[in-house]
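Shown next, in C-alpha coordinates, is the structure this report addresses.
The values are calculated or read from the model by the stated rules, or taken from the named source; none is laboratory data. Keep in mind the model is a prediction, meaning the values are calculated, not measured. All Cβ positions, even for glycine, are placed from backbone atoms using ideal geometry, and neighbour counts span all protein chains on display. Ligands, DNA and RNA are excluded from the accessible area calculation, which covers all protein heavy atoms including side chains. Shrake-Rupley method; radii C 1.70, N 1.55, O 1.52, S 1.80 Å.
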Amino acid sequence: PRAEALDSLAKALGRELKCDNPAEGLLLIDDSVSDSAREELADAAAVLNERPNHSRSATDVSSGERLLTDVQALKRFYASPYEQLALLTRRSHASLMGSYYLIAAHGLVTVFMGGLMCILYSAEPLSLPGALNRAGSITFLLLVQSFISLSALEQLMMERKLFITERENGFYTTMPYLLSKLVVDVIPLRVVPAVVVGAIIYFPMGLRTDEGSYFLWFLTIIALFTVCISLCVLCIGVLTPNFGTAALISAVAILWNFVFGGLLVQADTIPAVLQPFRKASPFYAAFEALLVNELDGQMCTFAPTDAAGRPSDTVIPLYCVQYLYNLGLHPDRFINDLLILVCESVLFIFIAYLL
(Lines give C-alpha, C1' and ligand atoms only; values in the text may rest on other atoms or scores of the structure.)
Protein backbone atom coordinates (compact mmCIF):
# COMPACT_ATOMS: atom_id res chain seq x y z
CA PRO A 1 0.00 0.00 0.00
CA ARG A 2 2.81 2.43 0.72
CA ALA A 3 4.45 1.78 -2.63
CA GLU A 4 1.09 2.17 -4.40
CA ALA A 5 0.47 5.43 -2.54
CA LEU A 6 3.84 6.75 -3.67
CA ASP A 7 3.21 5.66 -7.29
CA SER A 8 -0.17 7.38 -7.33
CA LEU A 9 1.38 10.57 -5.99
CA ALA A 10 4.14 10.44 -8.62
CA LYS A 11 1.64 9.83 -11.45
CA ALA A 12 -0.56 12.66 -10.23
CA LEU A 13 2.42 15.00 -10.53
CA GLY A 14 3.42 13.53 -13.90
CA ARG A 15 6.69 12.16 -12.60
CA GLU A 16 8.42 8.85 -13.28
CA LEU A 17 9.73 7.31 -10.08
CA LYS A 18 12.79 5.04 -10.21
CA CYS A 19 13.29 4.25 -6.55
CA ASP A 20 12.29 1.30 -4.35
CA ASN A 21 12.50 3.24 -1.11
CA PRO A 22 9.38 5.37 -0.51
CA ALA A 23 11.31 7.70 1.79
CA GLU A 24 13.89 8.48 -0.89
CA GLY A 25 11.17 8.57 -3.54
CA LEU A 26 9.26 11.27 -1.73
CA LEU A 27 12.44 13.36 -1.51
CA LEU A 28 13.03 12.88 -5.25
CA ILE A 29 9.49 14.02 -6.00
CA ASP A 30 9.92 17.04 -3.75
CA ASP A 31 13.18 18.00 -5.50
CA SER A 32 11.68 17.55 -8.97
CA VAL A 33 8.74 19.91 -8.44
CA SER A 34 9.57 23.33 -9.86
CA ASP A 35 8.91 26.61 -8.09
CA SER A 36 6.20 27.53 -10.59
CA ALA A 37 4.42 24.25 -9.95
CA ARG A 38 4.58 24.88 -6.23
CA GLU A 39 3.02 28.30 -6.72
CA GLU A 40 0.22 26.83 -8.84
CA LEU A 41 -0.51 24.22 -6.17
CA ALA A 42 -0.53 26.90 -3.48
CA ASP A 43 -2.93 29.08 -5.53
CA ALA A 44 -5.21 26.12 -6.14
CA ALA A 45 -5.25 25.29 -2.45
CA ALA A 46 -6.07 28.91 -1.61
CA VAL A 47 -8.98 28.93 -4.09
CA LEU A 48 -10.26 25.64 -2.70
CA ASN A 49 -10.14 26.96 0.85
CA GLU A 50 -12.17 30.03 -0.17
CA ARG A 51 -15.05 27.92 -1.51
CA PRO A 52 -18.10 27.41 0.71
CA ASN A 53 -18.31 23.95 2.12
CA HIS A 54 -21.53 23.16 0.23
CA SER A 55 -19.94 24.01 -3.11
CA ARG A 56 -17.13 21.48 -2.81
CA SER A 57 -17.64 18.41 -4.92
CA ALA A 58 -17.43 14.86 -3.72
CA THR A 59 -14.32 14.47 -5.88
CA ASP A 60 -12.57 17.26 -3.93
CA VAL A 61 -13.39 15.61 -0.62
CA SER A 62 -12.33 12.15 -1.77
CA SER A 63 -9.08 13.53 -3.24
CA GLY A 64 -8.28 15.26 0.02
CA GLU A 65 -8.95 12.13 2.02
CA ARG A 66 -6.81 10.08 -0.39
CA LEU A 67 -3.96 12.58 -0.06
CA LEU A 68 -4.10 12.42 3.74
CA THR A 69 -4.14 8.62 3.60
CA ASP A 70 -1.14 8.57 1.27
CA VAL A 71 0.84 10.95 3.50
CA GLN A 72 0.07 8.99 6.65
CA ALA A 73 1.02 5.73 4.91
CA LEU A 74 4.37 7.18 3.86
CA LYS A 75 5.09 8.61 7.31
CA ARG A 76 4.58 5.18 8.88
CA PHE A 77 6.87 3.39 6.44
CA TYR A 78 9.58 2.50 8.99
CA ALA A 79 7.40 2.18 12.09
CA SER A 80 9.77 -0.02 14.07
CA PRO A 81 12.83 1.64 15.63
CA TYR A 82 14.84 -1.45 14.68
CA GLU A 83 13.86 -1.03 11.03
CA GLN A 84 14.77 2.65 11.23
CA LEU A 85 18.16 1.83 12.75
CA ALA A 86 18.81 -0.87 10.14
CA LEU A 87 17.95 1.51 7.28
CA LEU A 88 20.09 4.36 8.64
CA THR A 89 23.00 2.04 9.41
CA ARG A 90 23.00 0.62 5.87
CA ARG A 91 22.81 4.06 4.33
CA SER A 92 25.55 5.49 6.58
CA HIS A 93 27.73 2.48 5.84
CA ALA A 94 27.31 3.04 2.10
CA SER A 95 28.20 6.70 2.56
CA LEU A 96 31.25 5.76 4.64
CA MET A 97 32.45 3.33 1.98
CA GLY A 98 32.23 6.17 -0.53
CA SER A 99 34.44 8.37 1.66
CA TYR A 100 37.56 6.33 1.01
CA TYR A 101 39.80 9.38 1.41
CA LEU A 102 38.56 9.81 4.97
CA ILE A 103 39.10 6.13 5.76
CA ALA A 104 42.58 6.24 4.26
CA ALA A 105 43.42 9.41 6.21
CA HIS A 106 42.36 7.79 9.49
CA GLY A 107 44.44 4.74 8.72
CA LEU A 108 47.53 6.77 7.85
CA VAL A 109 47.19 8.96 10.94
CA THR A 110 46.82 5.87 13.13
CA VAL A 111 49.94 4.22 11.74
CA PHE A 112 51.97 7.45 11.75
CA MET A 113 51.08 8.44 15.31
CA GLY A 114 51.67 4.92 16.58
CA GLY A 115 55.10 4.75 14.94
CA LEU A 116 56.06 8.24 16.11
CA MET A 117 55.17 7.52 19.73
CA CYS A 118 57.02 4.18 19.64
CA ILE A 119 60.18 6.02 18.58
CA LEU A 120 59.73 9.08 20.79
CA TYR A 121 58.87 7.17 23.97
CA SER A 122 60.78 3.93 23.39
CA ALA A 123 61.36 1.62 26.39
CA GLU A 124 60.78 4.19 29.12
CA PRO A 125 62.38 3.13 32.45
CA LEU A 126 60.69 3.39 35.83
CA SER A 127 62.59 6.50 36.84
CA LEU A 128 61.66 10.13 37.29
CA PRO A 129 62.29 10.99 33.60
CA GLY A 130 60.42 7.81 32.64
CA ALA A 131 57.42 8.80 34.76
CA LEU A 132 57.44 12.28 33.19
CA ASN A 133 57.56 10.75 29.72
CA ARG A 134 54.69 8.42 30.57
CA ALA A 135 52.58 11.40 31.60
CA GLY A 136 53.57 13.28 28.45
CA SER A 137 52.83 10.35 26.13
CA ILE A 138 49.39 9.81 27.67
CA THR A 139 48.54 13.50 27.35
CA PHE A 140 49.73 13.57 23.74
CA LEU A 141 47.68 10.47 22.90
CA LEU A 142 44.51 11.96 24.39
CA LEU A 143 45.01 15.24 22.56
CA VAL A 144 45.53 13.49 19.21
CA GLN A 145 42.37 11.43 19.62
CA SER A 146 40.42 14.58 20.49
CA PHE A 147 41.40 16.40 17.30
CA ILE A 148 40.75 13.28 15.20
CA SER A 149 37.11 13.49 16.32
CA LEU A 150 36.73 16.79 14.42
CA SER A 151 36.50 14.85 11.14
CA ALA A 152 32.92 13.87 12.09
CA LEU A 153 31.69 17.45 11.68
CA GLU A 154 31.75 17.63 7.88
CA GLN A 155 29.49 14.62 7.34
CA LEU A 156 27.17 15.82 10.10
CA MET A 157 26.77 19.20 8.40
CA MET A 158 26.16 17.59 5.01
CA GLU A 159 23.40 15.38 6.40
CA ARG A 160 21.66 18.05 8.47
CA LYS A 161 19.12 19.15 5.84
CA LEU A 162 18.32 15.57 4.86
CA PHE A 163 17.96 14.56 8.51
CA ILE A 164 15.56 17.41 9.28
CA THR A 165 13.45 16.68 6.18
CA GLU A 166 13.21 12.95 6.83
CA ARG A 167 12.55 13.32 10.55
CA GLU A 168 9.81 15.91 10.02
CA ASN A 169 8.16 13.62 7.48
CA GLY A 170 8.17 10.75 9.94
CA PHE A 171 10.64 8.43 8.24
CA TYR A 172 12.58 7.93 11.48
CA THR A 173 13.09 9.49 14.90
CA THR A 174 16.17 11.07 16.43
CA MET A 175 17.43 8.16 18.54
CA PRO A 176 17.91 5.67 15.65
CA TYR A 177 19.85 8.35 13.79
CA LEU A 178 22.15 8.93 16.79
CA LEU A 179 22.66 5.21 17.27
CA SER A 180 23.53 4.80 13.59
CA LYS A 181 26.17 7.50 14.01
CA LEU A 182 27.64 5.56 16.93
CA VAL A 183 27.69 2.30 14.97
CA VAL A 184 29.01 3.63 11.64
CA ASP A 185 31.05 6.71 12.61
CA VAL A 186 32.14 6.82 16.24
CA ILE A 187 33.12 3.16 16.63
CA PRO A 188 34.96 2.45 13.33
CA LEU A 189 36.52 5.89 12.81
CA ARG A 190 37.19 6.99 16.41
CA VAL A 191 37.26 4.05 18.82
CA VAL A 192 38.95 1.45 16.61
CA PRO A 193 41.89 3.73 15.59
CA ALA A 194 42.34 4.81 19.22
CA VAL A 195 42.48 1.20 20.41
CA VAL A 196 44.86 0.27 17.57
CA VAL A 197 47.23 3.12 18.48
CA GLY A 198 47.08 2.08 22.14
CA ALA A 199 47.89 -1.53 21.24
CA ILE A 200 50.77 -0.44 18.98
CA ILE A 201 52.50 1.79 21.52
CA TYR A 202 51.87 -0.12 24.76
CA PHE A 203 54.67 -2.68 24.71
CA PRO A 204 57.36 -0.73 22.76
CA MET A 205 56.99 2.13 25.26
CA GLY A 206 57.73 -0.24 28.13
CA LEU A 207 54.39 0.25 29.84
CA ARG A 208 53.23 -2.00 32.65
CA THR A 209 53.38 -5.73 31.93
CA ASP A 210 53.31 -7.29 35.41
CA GLU A 211 50.41 -9.39 36.67
CA GLY A 212 46.98 -7.89 36.16
CA SER A 213 44.76 -6.67 33.34
CA TYR A 214 46.55 -3.34 33.00
CA PHE A 215 46.77 -3.58 29.21
CA LEU A 216 43.00 -4.14 28.88
CA TRP A 217 42.27 -1.27 31.26
CA PHE A 218 44.57 0.95 29.19
CA LEU A 219 42.61 0.22 26.00
CA THR A 220 39.25 0.50 27.77
CA ILE A 221 40.01 3.96 29.17
CA ILE A 222 41.20 5.22 25.79
CA ALA A 223 38.03 3.89 24.14
CA LEU A 224 35.79 5.53 26.76
CA PHE A 225 37.59 8.84 26.40
CA THR A 226 37.32 8.72 22.60
CA VAL A 227 33.58 8.04 22.73
CA CYS A 228 33.07 10.86 25.24
CA ILE A 229 35.00 13.50 23.30
CA SER A 230 33.45 12.42 19.97
CA LEU A 231 29.94 12.81 21.38
CA CYS A 232 30.90 16.22 22.77
CA VAL A 233 31.97 17.30 19.27
CA LEU A 234 28.74 15.86 17.87
CA CYS A 235 26.67 17.99 20.27
CA ILE A 236 28.59 21.10 19.25
CA GLY A 237 27.98 20.25 15.60
CA VAL A 238 24.24 19.95 16.24
CA LEU A 239 24.15 23.36 17.95
CA THR A 240 26.16 25.32 15.36
CA PRO A 241 24.95 26.44 11.91
CA ASN A 242 27.99 25.65 9.74
CA PHE A 243 31.22 23.68 9.62
CA GLY A 244 33.58 26.59 10.32
CA THR A 245 31.78 27.62 13.49
CA ALA A 246 31.49 24.03 14.68
CA ALA A 247 35.20 23.34 14.09
CA LEU A 248 36.23 26.53 15.91
CA ILE A 249 34.03 25.95 18.96
CA SER A 250 34.99 22.27 19.10
CA ALA A 251 38.70 23.10 19.02
CA VAL A 252 38.28 25.70 21.79
CA ALA A 253 36.26 23.22 23.88
CA ILE A 254 38.96 20.57 23.45
CA LEU A 255 41.75 22.95 24.45
CA TRP A 256 39.75 24.31 27.38
CA ASN A 257 39.29 20.81 28.80
CA PHE A 258 42.91 20.01 27.98
CA VAL A 259 44.12 22.84 30.25
CA PHE A 260 42.45 21.08 33.19
CA GLY A 261 43.78 17.68 32.09
CA GLY A 262 46.23 17.31 34.96
CA LEU A 263 49.60 17.90 33.28
CA LEU A 264 49.63 21.61 32.41
CA VAL A 265 48.28 22.70 35.81
CA GLN A 266 48.67 20.78 39.06
CA ALA A 267 45.12 19.74 39.99
CA ASP A 268 45.26 20.81 43.64
CA THR A 269 46.47 24.34 42.76
CA ILE A 270 43.51 25.18 40.51
CA PRO A 271 41.39 27.98 42.05
CA ALA A 272 38.18 26.84 43.71
CA VAL A 273 36.03 28.75 41.22
CA LEU A 274 37.54 26.67 38.36
CA GLN A 275 37.55 23.30 40.14
CA PRO A 276 34.20 22.25 38.56
CA PHE A 277 35.84 22.47 35.11
CA ARG A 278 38.63 20.17 36.32
CA LYS A 279 36.16 17.66 37.74
CA ALA A 280 34.07 17.68 34.53
CA SER A 281 37.04 17.50 32.16
CA PRO A 282 37.21 14.15 30.30
CA PHE A 283 40.93 14.82 29.86
CA TYR A 284 41.50 14.85 33.62
CA ALA A 285 39.40 11.71 34.22
CA ALA A 286 41.20 9.78 31.46
CA PHE A 287 44.66 11.13 32.41
CA GLU A 288 44.27 10.25 36.06
CA ALA A 289 42.86 6.77 35.31
CA LEU A 290 45.60 5.95 32.78
CA LEU A 291 48.46 7.16 34.96
CA VAL A 292 47.09 5.43 38.05
CA ASN A 293 46.71 2.23 36.03
CA GLU A 294 50.36 2.55 34.96
CA LEU A 295 52.16 3.73 38.12
CA ASP A 296 50.13 2.74 41.17
CA GLY A 297 51.85 -0.02 43.09
CA GLN A 298 55.19 0.25 41.28
CA MET A 299 58.63 1.40 42.45
CA CYS A 300 60.50 4.23 40.71
CA THR A 301 64.11 5.29 41.05
CA PHE A 302 65.41 8.82 41.46
CA ALA A 303 69.02 9.74 40.64
CA PRO A 304 69.90 13.29 41.79
CA THR A 305 72.13 15.43 39.58
CA ASP A 306 74.87 17.81 40.61
CA ALA A 307 75.29 21.45 39.54
CA ALA A 308 76.91 20.36 36.25
CA GLY A 309 73.96 18.10 35.40
CA ARG A 310 75.83 14.84 35.98
CA PRO A 311 73.68 12.08 37.56
CA SER A 312 74.71 10.88 40.99
CA ASP A 313 75.88 7.34 41.59
CA THR A 314 73.39 7.14 44.42
CA VAL A 315 69.94 5.95 43.30
CA ILE A 316 67.01 6.65 45.60
CA PRO A 317 64.06 4.22 45.34
CA LEU A 318 60.58 5.58 45.92
CA TYR A 319 57.01 4.54 45.35
CA CYS A 320 55.55 5.79 42.09
CA VAL A 321 52.39 6.79 43.94
CA GLN A 322 54.37 9.72 45.36
CA TYR A 323 54.74 11.07 41.84
CA LEU A 324 50.96 10.71 41.39
CA TYR A 325 50.29 12.69 44.56
CA ASN A 326 52.67 15.44 43.40
CA LEU A 327 50.57 15.78 40.22
CA GLY A 328 47.35 15.93 42.24
CA LEU A 329 46.26 12.45 41.15
CA HIS A 330 44.70 9.94 43.53
CA PRO A 331 44.58 6.15 42.98
CA ASP A 332 41.35 5.79 44.95
CA ARG A 333 39.49 7.81 42.27
CA PHE A 334 40.17 5.25 39.51
CA ILE A 335 36.64 3.81 39.36
CA ASN A 336 35.16 7.27 39.80
CA ASP A 337 37.07 8.48 36.73
CA LEU A 338 35.67 5.63 34.64
CA LEU A 339 32.14 6.44 35.81
CA ILE A 340 32.65 10.09 34.88
CA LEU A 341 33.59 9.13 31.31
CA VAL A 342 30.59 6.81 31.01
CA CYS A 343 28.13 9.32 32.52
CA GLU A 344 29.37 12.17 30.34
CA SER A 345 29.00 9.99 27.24
CA VAL A 346 25.40 9.19 28.17
CA LEU A 347 24.78 12.87 28.94
CA PHE A 348 26.05 13.96 25.51
CA ILE A 349 23.81 11.39 23.82
CA PHE A 350 20.82 12.74 25.77
CA ILE A 351 21.70 16.35 24.89
CA ALA A 352 22.06 15.48 21.21
CA TYR A 353 18.70 13.70 21.34
CA LEU A 354 16.99 16.76 22.83
CA LEU A 355 18.56 19.08 20.25
_How large a share of the accessible area of the range 230-334, in percent, is made up of carbon and sulfur atoms when the probe is 1.4 Å and the other protein chains stay in place?_
67
*Ranked order, His106, His93 - accessible area, probe 1.4 Å, largest first*: His93, His106
*Accessible area expressed per residue, the range 217-355, with surrounding protein chains retained (probe 1.4 Å, Å²)*: 48
*Give me the accessible area per residue for the range 141-212, probe 1.4 Å, as a whole number in Å².*
41
*Quick one: pull the percent of accessible area on the range 166-213 belonging to carbon and sulfur, 1.4 Å probe, ligands and nucleic acids left out.*
66
*To the nearest 10 Å², what's Cys343's accessible area with a 1.4 Å probe?*
90
_Environment charge of Phe243, counting only residues whose C-beta is closer than 14 Å and scoring Lys/Arg +1, Asp/Glu -1_ = 0
*So what does Ile349 come to for accessible area, using a 1.4 Å probe and Å² rounded to 10?*
50
*Take the range 199-355, drop everything but the C-alpha atoms, weight them equally and run the Debye formula without solvent; then report log10 I(q)/I(0) at 0.15, 0.16 Å⁻¹ to two decimals.*
-0.91, -1.00
